[in-house]
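Q: The following block contains the structure, expressed as structure tokens.
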Amino acid sequence: MEKKEEFFDEKILEFRRMARKEKYDSLDTGMYVNNELVTFSEVKLFNNAFAITLPDFLVDMPLSIAKIKYPSEQRPQIIKTSMDTTVNFAFNLFNMVTNDGQITDATKQFKNVIARVNPAYVFYHFKIEEEPKKVGWFDFKSYCVDENVYNLVYLTVIRSKLLHGMFSCLYKDALEWQDVLQQIMKSIREEEIG
């Protein structure tokens, strides 16, 4: 009898989790990630060149930590991180003239460079989203000393320059972030020059 009760308790909990995910299913309402409600706000980056909606829990990564996590001097220009540094959003805005027609090739080139330098990485998706803004992206699993890491890289054009965005989290949390990441990429909006 006890096993039946446990089974029903688990089913009730699962039903409640599903109901929460249905109610909180957008960046506007907040979204559940690992059973925690994550809220979001629009952030303007690179002197208001563009806006993107990001989790409210992110902070600017201190340079001392960035030098350890990204040891190359070519580390991202902007790095936003969770307090435990397991969730990261990073951005570069390259000073090269680019247009939407070059996004597919640029995304392929970025993927090929990463694959060539790190042949052990496992790549999953490669997509070009056309709406609401053209964004090329791919995702992959990388390896660290004590954890596997899920990574998503995306490229788009902002003010005729190439925006290179990156996301990373613990690999075990990757599925929790999938819907959130798709909505975040769709939230990218070029700001008017004022």
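Q: Out of Lys141, Lys186, report the one residue that is open to solvent by 70 Å² or more (accessible area, probe 1.4 Å) and modelled with pLDDT of 95 or more.
A: Just one listed residue meets the conditions, Lys186.
Q: Here is a further query. Checking Val149 against (1) among the hydrophobic types (A, V, I, L, M, F, W, C); (2) free of Cβ contacts under 8 Å to residues at least 40 places away in the same chain; (3) not in a strand (DSSP E or B): exactly one of these is not met. Which one?
A: So Val149 meets the others, but not (3).
Q: Which one of these does Tyr124 not meet: (1) open to solvent by 40 Å² or more (accessible area, probe 1.4 Å); (2) on the phi < 0 side of the Ramachandran plot; (3) of a type in the set (Ser, Thr, Tyr); (4) out of contact with any Lys or Arg (no Cβ under 8 Å at 6 or more places or on another chain)?
A: Tyr124 satisfies every listed condition except (4).
Q: While we're here: Which of the following residues is of a type in the set (Phe, Trp, Tyr), surrounded by 21 or more Cβ atoms within 10 Å (Cβ to Cβ) and within 15 Å of the chain's Cα centre (by Cα): Tyr154, Tyr171?
A: Tyr154
Q: From the set of residues in segment 34-59 that are of a type in the set (Asp, Glu) and closer than 24 Å to Ala174 by Cβ, which is farthest from the chain's Cα centre (by Cα)?
A: Glu36
Q: Looking only at segment 152-176, count every residue that is touching a helix residue (DSSP H, G or I) at 6+ places or on another chain (Cβ under 9 Å), touching a residue at least 60 places away in the same chain (Cβ under 8 Å) and under 24 Å from Thr104 (Cβ atoms) and tell me the total.
A: The total comes to 4.
Q: Restricting the first residue to segment 28-39 and requiring it to be in contact (Cβ under 8 Å) with a residue 40 or more places away in the chain and within 14 Å of Val87 (Cβ to Cβ), which pairs with a second residue that is open to solvent by 70 Å² or more (accessible area, probe 1.4 Å) and in a loop (DSSP other than H, G, I, E, B) meet a Cβ separation below 8 Å and a spacing of at least six or different chains?
A: Listed by first residue and then by second, the contacts come to Val38/Asp56; Val38/Phe57.
Q: In segment 26-36, is there at least one residue being among the hydrophobic types (A, V, I, L, M, F, W, C) and either over 18 Å from Trp177 (Cβ atoms) or open to solvent by 70 Å² or more (accessible area, probe 1.4 Å) (or both)?
A: No, segment 26-36 contains no residue that is among the hydrophobic types (A, V, I, L, M, F, W, C) and either over 18 Å from Trp177 (Cβ atoms) or open to solvent by 70 Å² or more (accessible area, probe 1.4 Å) (or both).
Q: Quick check on segment 169-183. Is at least one of its residues touching a Pro at 6+ places or on another chain (Cβ under 6 Å) and assigned to a strand (DSSP E or B)?
A: no
Q: Take Ile128 and tell me if it is farther than 26 Å from Ala66 by Cβ and of a type in the set (A, V, I, L, M, F, W, C).
A: yes
The values are calculated or read from the model by the stated rules, or taken from the named source; none is laboratory data. Computed from a prediction, not measured in an experiment: that's the story for all the values here. Reconstructed Cβ throughout: ideal geometry from the backbone, glycine too, with neighbour counts over all protein chains shown. Remember, those area values only see protein heavy atoms, side chains included, never the ligands or the DNA or RNA. Shrake-Rupley method; radii C 1.70, N 1.55, O 1.52, S 1.80 Å.
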